[in-house]
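**Q** This is the structure I have questions about; it appears just below.
The values are calculated or read from the model by the stated rules, or taken from the named source; none is laboratory data. Only a predicted model underlies this, so the values are computations on that prediction, with no experimental measurement involved. Note that we place each Cβ from the backbone using ideal geometry, even for glycine, and neighbour counts take in every protein chain shown.
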Amino acid sequence: MRYKIKNSVWIILAIEIVFWAIAYAVWNYFTSKVDEFRFEHPKYLWGLVIIRVIILIFLLSLSRKNIRLKRFASIKLLDKLVKGVSTFRSTLKFILFLLASSFLIIAWANPQFGKNERKMKTSGIEIMLALDVSNSMLAKDLDDKRNRLEVAKLGITQLLKKLKGDRVGVVVFAGAAYNYIPITNDYDYVKTEMLSIDPGMVSSQGTAIGAAIETAVQSFDEESKSKKAIIVFTDGENHEDNANDAAKSTYKDGIKVFTVGMGTPKAVPIPKDESGRRFHKDKFGNTVLTKLNEKMLLDVATSGGGLYERAIGTSINMDNILTNIGKIEKSTFKAKTFMEYEDRFQWFLGVGILLLILEIFIPGRSKISYDE
C-alpha cells in the first residue's frame, strides 16, 4: 500500500472549490449589501493565495515518500511498513491545517463593521518640515550607525508623536526644493512616506535653504486661515541663496521659521555608500569634507522669528521649538466625519484555532494490530 496522490488531489480540489465559492459569496454579499463593512488590513488577504503553495509542497512530500518506500523496501516488506497508513487521514489533516491557516489570515486582516458616524473638529496650526537631502547629509558625525538624514528622520518621528491636531507636510531640498508630502493630519502616512526619502532624490546638489522656505510657504493650504510655521532640518553647508531674506520675508507674512542643525562643527568626509569606506572627492581628487554651519542656521532662525536647535548624537531636543510653536494661536480645522468600526476578527481566530486543535488530535494512521 502506498499514498494515493490522485485521491488527495481530488479531495483537496473539491474542498478548495467549496472554500473559494463560499468566500466569494460572503465577500460579494458584504461588499455590496453592507456599506460599513471593511478589512482593516486588506493587503494581508494576499496570504490566502500565497498559503496555497503548501498544497504543492504536500503533494510533493507524498510523492517523495512513495519513491522512498519503493526504493528501500520489497513489495512484501512494503505492505508491512505502510500498514495503517491512510491517504484519507493524511489528506484530512492537511486540509484542516490549510483551512485553519486561511481563517487565521482572515482574522489577521481584521474584518470590521461600522458602528456609527461621528464628526470631529480639530484645532492646531500648519507645520511644513523642510528636510535637507543633499549628499552632505550622508555624513555620520552624529552617530556611528546613522547618518545625518537618518537622525533627522528619527527626530521628525519623535516630533510627530508630540503633535496634537496640527497638520504637517514635508519639503525636500538640496540645490532645489519641492513639496514631497502634502500637508495632512495623518501622521502615520507622513512617517511611511518618509521612509523613501534619501540623498540623491534631488539631482542638483547644494543647500538651497531659501528655496526650501519659499517652497514650504507655497505648500501650505491656500484656503486655510490657520497659523503656520516652518522647521528646517539641515547642516546648513554650501548654502546657495539668501536664506536670511527668505526667512525674514516669510516672518513678515506671519510664518515663523525654525532651524535644526544636523551635524557637528568638526569637518568629516562624506561617504559615497553604506559601507563608509568610499568618500566623495572633488575634481582634484581631494576628499570632500563637511561640517555644520551653525552660525548661518542661527541667523536664519533669528530672521524668521523662530528658534535654533542642534542635534546631539541621535537626540534632537524639540521641546523649546514646540513650546514656541504652542504659543502660536491655534485655528479650528474643518469638521471631518469618522466612522467607528468594531473588530470581528475574533470569530475567524476562534475557528482557526479550533481547526488546528482538530488537526492535532486526528492521527495520521489508523490503528495497527500486531497480532498477525
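**Q** Of all the helices (runs of 4 or more DSSP H) wholly in segment 289-372, which have at least 2 residues that are under 32 Å from the mean Cα position of the chain (by Cα) and at pLDDT below 90?
**A** On the way: elements: 294-303, 319-326, 345-361.
Of the helices (runs of 4 or more DSSP H) lying wholly inside segment 289-372, those with at least 2 residues that are under 32 Å from the mean Cα position of the chain (by Cα) and at pLDDT below 90 span 319-326.
**Q** Quick check on segment 218-227. Is at least one of its residues among the hydrophobic types (A, V, I, L, M, F, W, C), closer than 16 Å to Val257 by Cα and over 26 Å from the mean Cα position of the chain (by Cα)?
**A** No, every residue in segment 218-227 fails to be among the hydrophobic types (A, V, I, L, M, F, W, C), closer than 16 Å to Val257 by Cα and over 26 Å from the mean Cα position of the chain (by Cα).
**Q** Answer yes or no: is there a residue in segment 207-220 that is buried (at least 24 other Cβ atoms within 10 Å of the Cβ), β-branched (Val, Ile, Thr) and not in a strand (DSSP E or B).
**A** The answer is yes; a qualifying residue exists.
**Q** Let me confirm something: among Lys153, Lys164, Lys145, which residue is assigned to a helix (DSSP H, G or I), among the basic types (Lys, Arg) and assigned by TED's automatic domain parsing to the domain that holds His280?
**A** Lys153
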